[in-house]
1. Looking at segment 175-207 only, could you name the residues that are more than 22 Å from Glu263 (Cα to Cα) and free of Cβ contacts under 8 Å to residues at least 12 places away in the same chain?
2. Report, by residue number, each residue of segment 230-282 that is over 21 Å from the mean Cα position of the chain (by Cα), within 19 Å of Phe102 (Cα to Cα) and surrounded by fewer than 20 Cβ atoms within 10 Å (Cβ to Cβ).
3. Among the listed residues Arg64, Arg51, which satisfies the condition of being without any contact (Cβ under 8 Å) to a residue 40 or more places away in the chain, within 26 Å of Val267 (Cα to Cα) and not aliphatic (A, V, I, L, M)?
4. Determine which single condition Arg207 fails, assuming it passes every other condition in (1) touching a Phe, Trp or Tyr at 6+ places or on another chain (Cβ under 8 Å); (2) modelled with pLDDT under 95.
5. Checking Glu259 against (1) acidic (Asp, Glu); (2) more than 20 Å from Gly146 (Cβ to Cβ); (3) in contact (Cβ under 8 Å) with a residue 24 or more places away in the chain, which test does it fail?
6. Can you list the helices (runs of 4 or more DSSP H) lying wholly within segment 195-298 that have 2 or more residues being within 15 Å of Arg163 (Cα to Cα)?
7. I need the full set of residues from segment 143-154 which are surrounded by fewer than 20 Cβ atoms within 10 Å (Cβ to Cβ) and closer than 18 Å to Ser278 by Cα, in order please.
8. Considering only residues that are under 29 Å from the mean Cα position of the chain (by Cα) and of a type in the set (Lys, Arg), look in segment 1-58 and name the one that is farthest from Ser151 (Cα to Cα).
Amino acid sequence: MDKLLAMTTFVRIVDKGSLTAAANALDASLPTVVRTLAALERQLGVSLLTRTTRRIHLTDAGARYLERCRAILSEVQDAEAKLSFSQAEPQGRLAVTASVLFGRRYVAPIVSEFIRRHRDVNVEMLFVDRVVNMVEEGLDVAVRIGHLRDSSLVAIRIGEVRRVVCASPQYLRRHGVPRAPQDVRAHVCVRHMGLSPRNEWSFRLGRRAVSVPITCALVSNEIDSALAACANGLGLGMFLSYQTAPYRKANKIRYVLEEFETEPLPVQVVYPHTRRLSTTVRAFVDECVKKLRQVGLD
């Protein structure tokens with residue numbers, strides 16, 4: 001089996017929404033597409049798609065495999081593009097987006113260094129704590145935390161972050177260390193609305209997900225205020241590990257309940273799918289991937 005062709009066929013079926021549309025896009029016959037998908041599923045030993053007369057749906061295994069296929073095909077595309085663009089110099093406009101704290105802490109320094117090396121590039125940075133439509137807002141590159149829902153985007157995984165529960169050492173000495181998720185009921189908490197939209201936190205007990213109600217001393221939509229309150233001993237807080245990393249390194253907070261954390265979230269460099277990226281976007285994506293993989297996010 002041509003595995004790259006099979007991966008490409010699988011991704012195209014998902015993107016186009018049907019076997020027939022995928023066959024047209026690939027300039028292949030419908031029986032060829034059907035056989036390729038069947039051979040891929042047979043070799044993997046799992047069903048990737050469930051098919052009805054009207055629609056196709058990803059299985060859980062298919063959703064996980066789709067993410068890896070996109071990453072692998074993107075790497076292949078990157079390797080081919082580098083051969084074509086290796087002699088070109090980045091220039092012109094580049095628009096980059098990320099969440100506010102991640103952008104300020106990690107992306108902005110990469111952008112500044114990129115501009116210093118490529119004086120003909122001008123960059124627009126949009127740091128917002130919401131998922132933006134890259135095509136509608138004219139954005140070239142994004143750093144996204146979490147699983148992608150937009151199949152038109154190419155994603156390169158650079159790491160992962162955890163949802164961590166933490167508190168200052170002083171708070172834990174005064175109020176005790178929670179040993180199980182239900183123990184947080186006895187504590188006051190600091191809630192960041194960007195991660196926890198409701199007064200409850202999620203944990204994992206074995207294979208089971210549980211939600212535990214919390215009592216909030218402070219609720220904030222602004223991450224720095226919430227982090228500072230937690231580090232100053234106001235209560236327990238739940239944040240992403242990249243957000244708390246500097247506080248932990250400075251011994252201002254300690255992690256608790258680590259064995260009950262939910263699944264980590266992927267961190268990905270993302271750009272709209274296109275057969276031929278500009279030299280500028282390609283160079284910045286490469287730089288972003290390289291630098292962010294060197295950063296410890298937890």
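1. Residues satisfying the conditions are Gly176, Ala186.
2. Across segment 230-282, the qualifying residues are Tyr247, Arg248, Lys249, Ala250.
3. Details: Arg51 fails: within 26 Å of Val267 (Cα to Cα).
Only one candidate passes the filter, namely Arg64.
4. For Arg207, the failing item is (1).
5. Checking Glu259 against (1) acidic (Asp, Glu); (2) more than 20 Å from Gly146 (Cβ to Cβ); (3) in contact (Cβ under 8 Å) with a residue 24 or more places away in the chain, the one that fails is (3).
6. Numbers: elements: 223-231, 241-249, 279-293.
Hits in segment 195-298: 223-231, 241-249.
7. The initial filter retains those residues of segment 143-154 that are surrounded by fewer than 20 Cβ atoms within 10 Å (Cβ to Cβ), namely 145-153.
Of everything in segment 143-154, those that are surrounded by fewer than 20 Cβ atoms within 10 Å (Cβ to Cβ) and closer than 18 Å to Ser278 by Cα turn out to be Ser152, Leu153.
8. Lys3
The values are calculated or read from the model by the stated rules, or taken from the named source; none is laboratory data. Source: prediction; values computed, not measured. Don't worry about glycine lacking a Cβ; one is built from the backbone with ideal geometry, like all the others, and counts go over all protein chains shown.
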